[in-house]
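The structure appears below as structure tokens.
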Amino acid sequence: MEPMPRGVLADVLTFLRFYSRFPIGDGAQARLDFARMAPALPIAGAVIGATGAAALLVARICHFPALVCALVAVAVLVLATGGLHEDGLADVADGFGGGATRESKLAIMRDSRVGTYGVLALCFSILLRVAALASLFERSVALAALALVFAGAMSRVAGLAPMMWLPPARADGLGATVSAPSLEVWARAWFAAAGIGLAPWLAGAGPSQIAVAIVAAFAVAALIANLSKKQIGGYTGDVLGAAQQLAEIAILAALSAA
């Protein structure tokens, strides 16, 4: 197997510095350039997903039941990212659910405090992921572990959908500092993520399940982008995080369907 090109490896490390709490150099040096680096994103996402898969296998070795193993895996994923995506989901839920105007929604989303809508969104996010993962675990430990790797890759590519279709909602937010990838570059990222879908296929997932998981990830990302357009007229970093969370849930749920 040929080694990963240095440019791609550097891009993967940059994404890992931004998306995770892994001790990889100085995170302040990481400069995101989605317009060029997007194809490396699914690889970084797969690495993050692999941390959850490793935790799942360790919990299995400890002979924990499926539900506990799934909870441990999801908890490790949250720790690995510092709750980055969960924070985005909670902020979007609070802003879209509690704000009356565009300005108030954006103000609520910037507030570091979490409200009722945010707490409920986090509860449902964790419960749905744990339940789907436990169902996969009961079918096959290998399938559950590789599903996390695939979901980590595909959900982060899907999470860029609002950036592809919407303008930044703020002049001083994430969207104002990064460039969206072209459709061609984004498609390359999708194909790379879809290729990682071979992992759960080798562990027993059917081709139709993987296809449905990919479509589901795209569909929920499109839904959150459309909702964001109506609510705040664009996207923010929180919206991207929410899109990733919903895509990850959709992928795990699709793979867990009998």
Criterion: among the aliphatic types (A, V, I, L, M), crowded, with 22+ Cβ neighbours inside 10 Å and in contact with a Gly (Cβ under 7 Å, 6 or more places away or on another chain) - qualifying residue of Ala250, Ala242, Ala213:
Ala242
So which residues in the stretch 91-123 are among the small types (Gly, Ala, Ser) and either touching a His at 6+ places or on another chain (Cβ under 6 Å) or in a helix (DSSP H, G or I) (or both), if there are any at all?
Ala93, Gly95, Gly97, Gly98, Ser104, Ala107, Gly118, Ala121
Which one of these does Ser135 not meet: (1) small (Gly, Ala, Ser); (2) open to solvent by 10 Å² or more (accessible area, probe 1.4 Å); (3) touching a Gly at 6+ places or on another chain (Cβ under 7 Å); (4) touching a residue at least 24 places away in the same chain (Cβ under 8 Å)?
(3)
Going by the conditions given, is Ala225 assigned to a helix (DSSP H, G or I) and in contact with a Pro (Cβ under 9 Å, 6 or more places away or on another chain)?
yes
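Yes/no matrix, rows are residues, columns are (1) touching a residue at least 40 places away in the same chain (Cβ under 8 Å); (2) within 30 Å of Ala107 (Cβ to Cβ); (3) of a type in the set (Val, Ile, Thr); (4) open to solvent by 30 Å² or more (accessible area, probe 1.4 Å):
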{"residue": "Ala169", "(1), (2), (3), (4)": "yes, yes, no, no"}
{"residue": "Gly206", "(1), (2), (3), (4)": "no, no, no, no"}
{"residue": "Phe218", "(1), (2), (3), (4)": "yes, no, no, yes"}
{"residue": "Ala221", "(1), (2), (3), (4)": "yes, yes, no, no"}
{"residue": "Ile224", "(1), (2), (3), (4)": "yes, yes, yes, no"}
When Met37 is evaluated against the numbered criteria (1) more than 16 Å from the chain's Cα centre (by Cα); (2) open to solvent by less than 10 Å² (accessible area, probe 1.4 Å); (3) at pLDDT 95 or above, which criterion, by number, is the only one it fails?
(3)
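The values are calculated or read from the model by the stated rules, or taken from the named source; none is laboratory data. Just so we're clear, the structure is a prediction, and the values are computed from it rather than from any experiment. No Cβ is skipped: glycine too gets one built from the backbone with ideal geometry, and neighbour counts run over all protein chains shown. Heavy atoms of the whole protein, side chains included, go into the accessibility calculation; ligands, DNA and RNA do not. Shrake-Rupley method; radii C 1.70, N 1.55, O 1.52, S 1.80 Å.
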